[in-house]
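Here the structure comes first, spelled out in structure tokens, and everything after it is commentary.
The values are calculated or read from the model by the stated rules, or taken from the named source; none is laboratory data. Treat the numbers as computed from the prediction; the structure is a model and nothing was measured. FYI the Cβ positions are ideal-geometry reconstructions off the backbone, even for glycines, and counts take in every protein chain you see.
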Amino acid sequence: MNGSPHLHLPISVRLVMLKVLAALLPGIAVYVWFFGAAILVQIALASAAALAGEAAMLRLRGKPVGLFLADGSALVTAWLIALTFPPIVPWWLTVSATLFAIVVAKHLYGGLGQNPFNPAMVAFCISIIAFPALMSQWPAVGFTDFAAQMGVVFQSQSPQDAVTMATPLDALRTSLHTPEARATVAGILGSHATFGNIGGKGWEWIALAYLAGGLWLLQQRIITWHVPVAFLGVLALIATGFSLGNPERYAGPTFHVITGGAMLGAFFIATDPVSGATTPRGKLIFAAGIALLTWIIRTFGAYPDGMAFGVLLMNLCVPLIDMGTQPPVFGHKDGKRDGAP
């Protein structure tokens, strides 16, 4: 047999993180095309804050700064924060949220491999609770003037109603919950300026670009199929059931899967190997729980997208999920040692 004994070299953390960053590039490119280059500035701000916070905490903890700083994990967190925040939020919100994610959600729990919660989602949830108006400040399709966007980001001018708009999820939720209007899902999706062919002008193409990057990660075996398939499948199944039961009040599966943070979350956030479940069966349960919570919060909650809250709530359940889904020890029936009761 050629090449026996077929030893496989272990994949490094740095290589994994670099591939995750590369997989995000198609989504970022489409993002810039539809919403302008402000997102690139937000990524740069978040990256600088993440590296600075990481270096400071490593030095305080007496760890080798260069070694850990080069692993790329801080940059992945920074990019995910920037991509989940509106691209024209004030610069200080992006920087402070990223520092909170790195310092508190990551290093105060022991650093990479020890944090029980997804740092990027901690930053998002803290920010949307503390600054809901700023976190709803999304640019309209066509507002791509870089100078005007930078004026909003660096607060030399205020955002105008003409250049900001609600996300498709927010627009749908607000319209359906307006007491005076007897709006239906079909009527809203067919008339509101926010919506494109499926799930929002620009956003549907960004979601498909994230899907392409996620499929490449699967092909590269950086992630497994369990979390993306379970999350998207359960989200689509729940949406299908409710939309068939009452199509006037509940959007269908295509809308839920292609809009909001579903694709980004399915392939890049819920697949975090540190804060997520580790067993194959556990990953399925973990992702299904996120999908259920995401749909509930989107449909009945006060926030338009429940992805971040779903991830953090299921992070709390990971120890129990892993404990209940551990496979039997090899050579021992039902996971019990010989002679054990």
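Which ranges mark the helices (runs of 4 or more DSSP H) fully within segment 53-117 that have 2 or more residues being within 30 Å of residue 259 (Cβ to Cβ) and in contact with a Leu (Cβ under 7 Å, 6 or more places away or on another chain)?
Of the helices (runs of 4 or more DSSP H) lying wholly inside segment 53-117, those with at least 2 residues that are within 30 Å of residue 259 (Cβ to Cβ) and in contact with a Leu (Cβ under 7 Å, 6 or more places away or on another chain) span 73-84, 91-100.
Is it fair to say residue 28 is at pLDDT 90 or above, crowded, with 17+ Cβ neighbours inside 10 Å, in a loop (DSSP other than H, G, I, E, B) and in the same structural domain as residue 147 (by TED's automatic domain parsing)?
No; evaluated as a whole, the condition is false for this residue.
For every residue, the table says whether it meets (1) in contact (Cβ under 8 Å) with a residue 24 or more places away in the chain; (2) farther than 25 Å from residue 122 by Cα; (3) out of contact with any Cys (no Cβ under 9 Å at 6 or more places or on another chain).
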| residue | (1), (2), (3) |
| --- | --- |
| 206 | yes, no, yes |
| 225 | no, no, yes |
| 245 | no, yes, yes |
| 277 | yes, no, no |
| 297 | no, no, yes |
| 300 | no, no, yes |
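Consider segment 258-274. How many of its residues are crowded, with 17+ Cβ neighbours inside 10 Å and more than 13 Å from the chain's Cα centre (by Cα)?
Within segment 258-274, residues that are crowded, with 17+ Cβ neighbours inside 10 Å and more than 13 Å from the chain's Cα centre (by Cα) number 2.
Mind checking which pairs have a first residue in segment 82-100 that is under 21 Å from residue 151 (Cβ atoms) and assigned by TED's automatic domain parsing to the domain that holds residue 44 and a second that is not hydrophobic (A, V, I, L, M, F, W, C) and not in a helix (DSSP H, G or I), Cβ under 7 Å, 6 or more apart or different chains?
86/137; 87/139; 88/137; 88/139; 88/159; 89/137; 90/155
Would you mind finding the one in 116, 64 that is surrounded by fewer than 18 Cβ atoms within 10 Å (Cβ to Cβ) and under 20 Å from residue 267 (Cα atoms)?
None of the others qualify; the one that does is 116.
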